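No value in this document is a laboratory result; all are computed from the given coordinates. Since the model is a prediction, treat every value here as computed from it, not as a measurement. In this analysis, Cβ positions are derived from the backbone assuming ideal geometry, glycine residues included, and neighbour counts consider all displayed protein chains.
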């Protein structure tokens with residue numbers, strides 16, 4: 001099954017010149033917490049999340065008229081619409097990300113693939129492993145309000161067996177981590 005078959009094609013996005021206030025308004029109007037930031041050709045520059053707006057803008061009292069690109073997460077994870085969903089799942093698990101921006105062969109953003117898309121549509125148990133890897137990202141602090149001195153989830157033996165996410169941007173056969181890319185990539189066979 002290909003990413004294009006199960007991705008959400010209702011792609012909300014903003015340009016790199018739009019403000020934090022505009023990003024928050026689009027999220028509120030659309031009921032989303034993840035917004036691709038694209039250039040004029042709709043090539044991905046990065047993504048801004050509700051967490052980015054909270055931690056990088058609101059908590060640091062950045063002006064709402066500041067460019068959203070200054071608080072975005074970059075590089076963003078992308079995959080080709082023609083990539084197999086198992087390859088997308090593997091990337092999500094390795095990077096511990098719950099969403100990928102899906103691009104076409106020219107690098108234009110065409111959709112978003114989320115964990116919920118995988119849970120709803122992807123066959124097999126691989127989705128469960130992806131879900132566990134991504135959710136562990138959220139569990140690397142104290143156990144749900146545990147008092148000081150209690151063990152952290154990052155010290156749990158199950159967490160130690162999970163792959164560590166890489167620290168740098170890389171290009172894979174048809175899956176990208178990082179900003180916009182040319183169309184001279186190879187696609188997964190299938």
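Would you list 43, 121 from fewest to most Cβ contacts within 10 Å?
121, 43
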Subject >> Between the stretch 1-79 and the stretch 97-113, the alpha-carbon center distance in angstrom >> reply: 13 Å
**OP:** Would you mind putting 105-111, 90-96, 26-32 in packing order, based on average other-beta-carbon counts within 10 Å, highest first?
**Re:** 90-96, 105-111, 26-32
Original post:
By average Cβ neighbour count within 10 Å, what is the ranking of 9-20, 70-81 from highest down?
Top reply: 70-81, 9-20
Subject >> Fewest-first ranking of 102, 112, 119, using other Cβ atoms within 10 Å as the exposure measure >> reply: 119, 112, 102
**OP:** Note down the nm distance, to one decimal, between modelled labels 7 Å out along Cα→Cβ at residue 116 and at residue 8.
**Re:** 0.5 nm
